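Following: one structure in structure tokens, then a few remarks.
The values are calculated or read from the model by the stated rules, or taken from the named source; none is laboratory data. What you are looking at is a predicted structure, and each value in this text was computed from that prediction instead of being measured. Backbone-built Cβ (ideal geometry, glycine too); neighbour counts: all protein chains shown.
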Amino acid sequence: MIKLTGITKTFDNGYNALKNIDLICNKGEITALIGPSGCGKTTTMKLMNRLLNPSTGNIFIDGKDISSLDPVELRRSIGYVIQHIGLFPHMTISKNIGVVPKLLKWEKDRIENRVNDLLDLVGLDPETYRERYPSELSGGQQQRIGVIRALAAEPEIILMDEPFSALDPISREQLQDELVRLQKEIKKTIIFVTHDMDEAIKIADKIVLMKDGEIVQQGTPEEILRRPVNDFVENFIGQKRLKQIHDIPTVSEVMVKGTITVSPNCSISKAMKIMESKYLYLLIVVNEDNKLQGYISIFDVVRSFESEHQHVRDIIHPFRHIVDSETLLPKALKAMNDFQYSYLPVVKDDGTLDGLITLESIIEYLGDIYPPVRSGVVV
Ligand SMILES: Nc1ncnc2c1ncn2[C@@H]1O[C@H](COP(=O)(O)OP(=O)(O)OP(=O)(O)O)[C@@H](O)[C@H]1O
Ligand SMILES: [Mg+2]
């Protein structure tokens, strides 16, 4: 088990990269550190094998404070897959894999057998690949070598810093599957840094979400998915996945299409006619590409009597909030309440208007899904 208590890290330039980290990585489990770029994932990892030392706090491995251990020996006892692979380009694959066993003075035969076993383990034929150089391997193959090199000396702990990030989605999924399968056999304590929530959910026993040098939430994938503590975690999980888990309706199920709109170049008097004919007190404004520009209200129209304004573009307001069709309904409702809007525009990624979500459409939707009131029962 790796335990970090009260860890902070301030770099020489005064930058506070980590602020009070308390973390336990259980033995035989995969702990995924996840968070945006610069949040301190690599720094946290480097503290565990003393490539860096903390400014305050302690790190214990199996109860031993690592500040009392020799850093070089410690590093040899911990596997490390560094960000961006980091194979030695001038060494053959077998030399690359055998680096740490050699430093640990293993017999030549033992190293050779180990290299062969490891290559087999990840589906690379030893005969074909042993004597090749890293540049003679594909990206995915190099990543596999990076991973098995970290396993070579049979360490109990392996640190993996975004080991699969440079791969195409298919190779990436393959390697994730391989890691899950491998871990069932080897049961190592693995710390795995990633940017990718799907990856973390797939492989981790525990997920640790970080932001600005702090842990925002930690727990099993299930706990994090079911009970995200704040918007940051929700955003990281993604609306789509939250919906799958909680079966919460999204805006797409509630929105109305075929919105009446005007162009910014339309005259105010014409806009007024549209409002009158449809009994609308607000009109959505889109340009000729159907891109949302904002809205005008009847109040602006009235005020324009006393000014020089003649066109919709002169009296337009931007929306302070928009949603997309994947937004969860409770989130959209909260925004409507916060901004006191009776409707919100639904906008596509390219900025074009998709539809509208209105209080009426929400009432209609909720009316449909709530169970009918039994006749004769007055509530
Ligand atoms: N040696 C250093 N001196 C000063 N600041 C540093 C140093 N190393 C890292 N930092 C800063 O500390 C913060 C955390 O860096 P770290 O490498 O841990 O981020 P990360 O979460 O791994 O990001 P990424 O996902 O981009 O790899 C960053 O803002 C980085 O610029
Ligand atoms: Mg990093």
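The residues of the range 87-138 that are loosely packed, with under 12 Cβ neighbours inside 10 Å and within 19 Å of LEU175 (Cα to Cα), listed by number, are GLY123, ASP125, SER138.
Scanning the range 327-362 for residues that are crowded, with 16+ Cβ neighbours inside 10 Å, among the β-branched types (Val, Ile, Thr) and part of a strand (DSSP E or B) yields VAL346, VAL347, ILE357, THR358.
Whether a residue is more than 24 Å from ARG75 (Cβ to Cβ), in a helix (DSSP H, G or I), within 16 Å of ligand 2 (Cβ to nearest atom) and of a type outside the set (Gly, Ala, Ser) was assessed, and GLU127 does not pass this test.
Considering only the range 130-153, state which residues are assigned to a loop (DSSP other than H, G, I, E, B) and touching a residue at least 40 places away in the same chain (Cβ under 8 Å).
Applying the first criterion (assigned to a loop (DSSP other than H, G, I, E, B)) to the range 130-153 yields 130-133, 137-138, 152-153.
Within the range 130-153, ARG132, TYR133, LEU137, ALA152, ALA153 meet the criteria.
Assess whether VAL229 counts as being farther than 30 Å from LYS102 by Cα and surrounded by 15 or more Cβ atoms within 10 Å (Cβ to Cβ). Don't jump to the end; show me each part of the working.
On the way: farther than 30 Å from LYS102 by Cα: yes; surrounded by 15 or more Cβ atoms within 10 Å (Cβ to Cβ): no.
Spelling it out, it is not the case that VAL229 is farther than 30 Å from LYS102 by Cα and surrounded by 15 or more Cβ atoms within 10 Å (Cβ to Cβ).
Look at SER269 and say whether it is out of contact with any helix residue (DSSP H, G or I) (no Cβ under 8 Å at 6 or more places or on another chain) and of a type outside the set (A, V, I, L, M, F, W, C). So SER269 fits the description; yes. Counting only helices (runs of 4 or more DSSP H) that sit wholly inside the range 235-326, those with at least 3 residues that are surrounded by 13 or more Cβ atoms within 10 Å (Cβ to Cβ) and not assigned by TED's automatic domain parsing to the domain that holds ILE34 are 268-278, 298-304. Checked against (1) at pLDDT below 95; (2) more than 16 Å from ligand 1 (Cβ to nearest atom); (3) not hydroxyl-bearing (Ser, Thr, Tyr), PRO36 passes all but condition (2). Taking the range 9-43 as the range and being basic (Lys, Arg), assigned to a strand (DSSP E or B) and within 16 Å of ligand 2 (Cβ to nearest atom) as the test, only LYS9 passes.
Quick check on my filter: what residues within the range 12-33 are near ligand 1 (Cβ under 9 Å from one of its atoms) and either touching a residue at least 40 places away in the same chain (Cβ under 8 Å) or not acidic (Asp, Glu) (or both)? Even if it seems obvious, please write down each step before you answer.
Looking only at the range 12-33, we keep the residues that are near ligand 1 (Cβ under 9 Å from one of its atoms), and these are 12-18, 33.
Result: ASN13, GLY14, TYR15, ASN16, ALA17, LEU18, LEU33.
Within the range 159-172, residues that are under 23 Å from CYS25 (Cβ atoms) have Cβ atoms under 9 Å from residues that are among the hydroxyl-bearing types (Ser, Thr, Tyr) and more than 11 Å from ligand 2 (Cβ to nearest atom) in these pairs: LEU159/TYR80; MET160/TYR80; ASP161/TYR80; PHE164/SER171, counting only partners at least 6 apart in sequence or on another chain. Tell me yes or no: at least one residue of the range 179-201 is in contact with a strand residue (DSSP E or B) (Cβ under 7 Å, 6 or more places away or on another chain) and more than 25 Å from GLU222 (Cβ to Cβ). Checked against the condition, which is being in contact with a strand residue (DSSP E or B) (Cβ under 7 Å, 6 or more places away or on another chain) and more than 25 Å from GLU222 (Cβ to Cβ), the range 179-201 yields no hits at all.
Total residues in the range 64-107 satisfying the condition of being without any contact (Cβ under 8 Å) to a residue 40 or more places away in the chain and over 30 Å from SER138 (Cβ atoms): the figure is 13. Candidates ILE190, ILE215, ILE186: the one that is of a type outside the set (D, E, K, R), assigned by TED's automatic domain parsing to the domain that holds LYS9 and modelled with pLDDT under 90 is ILE186. Among the residues making up the range 79-123, those that are at pLDDT 90 or above and part of a loop (DSSP other than H, G, I, E, B) are PHE88, PRO89, HIS90, MET91, THR92, GLY98, LYS105, TRP106, GLU107.
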